[in-house]
1. If you count, for every residue in B:392-400, the Cβ atoms of partner chains within 10 Å of its Cβ, what is the mean?
2. Placing unit charges on C-beta atoms (Lys and Arg positive, Asp and Glu negative, everything else neutral), compute the dipole magnitude of region B:257-410 about its Cα centre in debye, rounded to 20.
3. Given contacts defined as C-alpha pairs under 8 Å and at least six residues apart, what's the relative contact order of region B:174-310, whole-number percent?
4. What is the angle, in °, between the Cα long axis of helix B:181-195 and the longest principal axis of the Cα atoms in chain B? Nearest 10 is fine, range 0 to 90.
5. What FRET efficiency do you get for B:K195 and B:K81 if R0 is 30 Å and r is their Cβ-Cβ distance, rounded to the nearest 0.05?
6. Considering chain B as a Gaussian network with a 10 Å cut-off on Cα pairs, which listed residue, B:A387, B:A34, B:A355, attains the greatest mean-square fluctuation?
7. Put +1 on the Cβ of every Lys and Arg and -1 on every Asp and Glu Cβ in the protein assembly as shown; which of B:A268, B:A190, B:T55 then has its Cα farthest towards the positive end of the dipole?
8. Please go through the residue pairs B:K214/B:K247; B:K73/B:K273; A:K53/B:K81; A:K74/B:K361 and name each one whose alpha carbons sit more than 31 Å apart in this structure.
Amino acid sequence: MRRAKPARRSATRLLALCGGMALGLLSPAAHGADVEYGRYLSTECTTCHGVSKAESTIPDIHGLGESHIAEVIKAYRTKALPNPVMQNVAARLGDEEIAALAAYFATAKRPK
Amino acid sequence: MSTLGLPMLSAPALAQGKPRVVIIGGGPGGATAARYIAKESNGAIDVTLIEPLKTFTTCFFSNLYVGGFRDYKSLTHNYDKVRKGGVKVVHALAASIDRDKKHVVLAGGGKVPYDRLLVAPGIDIKFDSVPGYSESAAEVMPHAWKPGAQTQLLVRKLNALKDGDQIVMIAPPNPYRCPPGPYERVSMFAHVLKKKGFKKSRIVILDPKPTFSKQAVFSEGWEKHYPGVIEWQDPKIHGGIKGVDAKTGEVKTDFTNYKPALVNVIPAQMAGKIARDAGLANQSGFCPIDAASMKSTVDPNIFVVGDASIAGEMPKSAFSANSQAKVAAMVIRAELTKSRAFPARYSNTCWSLIAPDDDVKVGASYEPVDGVIKASSTFVSQRNESADVRKQNYKESIDWYKGITADVFG
Ligand SMILES: Cc1cc2nc3c(=O)[nH]c(=O)nc-3n(C[C@H](O)[C@H](O)[C@H](O)COP(=O)(O)OP(=O)(O)OC[C@H]3O[C@@H](n4cnc5c(N)ncnc54)[C@H](O)[C@@H]3O)c2cc1C
């Protein structure tokens, strides 16, 4: 399986434009994220992200960096990133859920 | 089980007495549940899906077929990958459910025993909710609210229209599958008329409801793309829908007699027959469920998901059915294999195409609150959004279709 490349409309780039939050500050899965919980929570994401490719309007998020995923979701949660679909998805995610999802997707493979 | 033409179970598998999950209905609700239970249980659960159709044509995106944006084939999916995912797919109609003996009786004979049953038969049309309408009248005045021949009939009739011909749609009362669906369909009618260069044809929507889903952005889009073509009438305007006559082609309201060239009647709806016959539905015609698990409130061994269920504030949509199926799958696994259970979380987004590259969306996250599934956050497209946003929505919807159909059918 191909590793996900950053999306064309990469949220990272958008984030950089939105004021340059630093990446990579989050601790990795080994530091207590509940990956099994993340796997359950990820089933919501799969409806949209399951077969998306890097260039899709719905980017491939499998194998993205853990801290990147967490940071992007938090930026959707504060509406620093614009798309209402993802803002709504992120609205109910607490920090624990975000950590679990990020840990899960960082190592997950795109379903065949 | 081998008498059903199922793959032979190896003797050890039988001897181990794996827990058995049976699923009725291979739409977004049933097929999702089957695949997730099989996949996540790694073969620890015996999963059988009962579905008469060898191929499933989606209602979702059928409006894009009506509008000429997709062909029929692109809406059709088979069960090969569901089977490869470890699910036994039995192509038969479930005739009845024996809840005491815990087995499903198939129409051709044969019984399929279960430890847990998931029922996802979708809707049945309440033909008599529109006076004069019937299954045979639908051959002349299609509802096209179930996929397949009905949708194709509607498209044939649409494409045969001449300039000046009138279209009348009778919209359904709540609750029905796909709240924005009728209004997206009318948009597609208007798009087809416009593309043909018609100047004189008009579309009338006779609605039993005083308001409808995404009304603000639909109304705006209709004025922008199809000025003067679409007339929406609420009960105050039409005074009441008196009925249809399939022989004369007439549609009568309290105030007017119409004789349109195309009539699209979308009647009231109820849960599929198998669920009602098994006593899983209440007076509403739909099946009450426990909001935290999608378990029937009538029978602890049965779950109901998708259009057949009463899922609180969730709309009846493929997205909702797929979301509910994942919660039910998680709970069923936990009950049968002691895997971890998590709090139920549901979600839905529905995109609607108004005109080429002008697509709107509505969505929400849902959770159980005091026994009812309630929206915890929502969003909806706004008037005056940029063309870029609307075009992006359309592209998203195409990607979503790929995503959800892969999630449902593999
Ligand atoms: C025009 C239109 C547009 C739509 N657009 C969208 C959209 O954009 N997005 C969206 O999310 N949703 C949309 N929907 C709604 C969506 O199609 C339904 O909500 C969805 O199909 C419900 O899934 P389900 O699994 O509950 O039922 P169904 O899809 O109806 O599947 C039920 C299955 O059960 C089988 N079955 C029934 N009885 C039995 C029995 N006794 N034994 C065995 N099998 C049985 C049937 O053959 C069928 O395959 C739209 C619907 C329409 C009509």
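1. Neighbouring Cβ atoms belonging to other protein chains average 5 per residue here.
2. Here region B:257-410 has a charge dipole of around 200 debye.
3. 16 percent
4. 50 degrees
5. For R0 = 30 Å, the calculated efficiency reads 0.25.
6. The residue with the greatest mean-square fluctuation here is B:A387.
7. About the Cα centre, the residue reaching furthest to the positive side is B:T55.
8. In this structure, B:K214/B:K247 exceed 31 Å between Cα atoms.
Every read-out reported here was derived from the displayed coordinates using simple, explicitly stated rules and does not represent laboratory data. Keep in mind it's a predicted model, so treat the numbers as computed, not measured. When we count neighbours, we look across all protein chains shown, and the Cβ atoms used for this are built from the backbone with ideal geometry, even at glycine.
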